[in-house]
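Single-structure report; data block below.
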Amino acid sequence: MNLKEKINNMLKEYKGNIAVVIKNLNTDSNIMINEEEIFPSASTIKLLIISALMKDISRGLMSMEDKITLLDEYKCGGDGILKELNEGNSFTIREIATLMIILSDNTATNILIDLLGMDKTNAMAKELNLKNTQLRRKMMDSEAVKMGKENTTTAKDMCHILELIYSGKVVDEECSEMILDILKKQQVGGRINLYLPEDIVIAHKTGDLDKLEHDVGIIYHPFSDYIICVLTKNVETNKEGREIIGKVSLEVYNNIEQISSDS
């Protein structure tokens, strides 16, 4: 039984919608399961936002060291630390971007959405050939959700943007390296790294909503670096969603060489 068959058999044990894309970065071989099914992106959309930010940085429209003053009106609920801090504190754009990724800070994310604009962010999605990834609302905007404005992506799109970052092709090599460096500092875990060795280097971004769990990232494996993207929705519980991702990730970690041989 090859690795794709093993993963498919594993997924049959669970209810809900699950998409998996794995790419061996040494051989370009891949495994794709429901790769073009569209999911609410949750916080994985932040990969697109930081990419759009880097384009403006590279064009000299702003600097990573530019300062932003925190105002109460910027604050929103959900993940993050900025909502707990006093108005008037000042942060660099680099710090805001870092918080958006490593703590999935929603206030930081909304600050960057306002700074960049949704149109520019979605133009970046087109430039990167992310066919089903779209930013349609800010974080924690329940009214927009009620109106059907949901941020979307696919496992295939997430794999593509991660591969571009890994290969130095999001804007340029320097910008891609900055994104990778931030992704490697991720503090939100318990998904693709749930059952992996603690010392393994991972550059990743998680996302969650009610009965929806995602994790997309690059695993720096001794045999071969690889990308793994697992998106879930309509799972029975969020805990189960995290366990699905963790179990798929462990199976891939233990059998990564199969992606080049029999997938």
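Read-outs throughout are calculated quantities, based only on the coordinates presented, and are distinct from any laboratory measurement. This structure is a prediction, so every number in the text was calculated from the model and none was measured. Cβ coordinates were reconstructed from backbone atoms using ideal geometry, including for glycine residues, and neighbour counts include every protein chain displayed.
In table form, for the structure just shown:
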quantity: Ranking of Met118, Met100 by count of other Cβ atoms within 10 Å, fewest first; calculated: Met118, Met100
quantity: Per residue, the convex hull volume that the Cα atoms of the range 1-123 enclose (Å³); calculated: 152 Å³
quantity: Interchain or long-range residues, amide H under 5 Å from Asp79's placed H; calculated: Asn106
quantity: Thr92 long-range amide H proximity, modeled H, under 5 Å; calculated: Ile68
quantity: Relative packing of peptides 147-155, 214-222 - highest average C-beta neighbours within 10 Å first; calculated: 214-222, 147-155
quantity: Gap separating the Cα centres of the range 220-253 and the range 1-73, nearest whole Å; calculated: 12 Å
quantity: Dipole magnitude (debye, nearest 20) for the chain, charges at Cβ of Lys, Arg, Asp, Glu; calculated: 540 debye
quantity: Charge dipole (debye, nearest 20) of the range 164-256; +1 at Cβ of Lys and Arg, -1 at Cβ of Asp and Glu; calculated: 240 debye
quantity: Exceeding the 20 Å Cα-Cα cut-off - candidates Lys23/Lys149; Lys55/Lys156; Lys12/Lys247; Lys75/Lys126; Lys184/Lys233; Lys12/Lys239; calculated: Lys23/Lys149; Lys55/Lys156; Lys75/Lys126; Lys184/Lys233
quantity: Cβ-based charge dipole, the chain, positive-most Cα from Asn34, Ile93, Cys159; calculated: Asn34
quantity: Least to most buried among Cys76, Cys229 (fewest other Cβ within 10 Å first); calculated: Cys76, Cys229
quantity: GNM top mover of Asp79, Asp105, Asp28 - the chain, alpha-carbon springs below 10 Å; calculated: Asp28
quantity: Theoretical ellipticity at 222 nm over the chain - DSSP helices of four or more residues, -39500 (n - 2.57) apiece, nearest 500; calculated: -11000 deg cm²/dmol
quantity: Dimensionless Rg over Rh [the range 83-147; C-alpha; Kirkwood]; calculated: 1.01
quantity: Coarse-grained scattering of the range 1-68 at q = 0.12 Å⁻¹, given as base-10 log I(q)/I(0) from a Debye sum over alpha-carbon atoms; calculated: -0.56
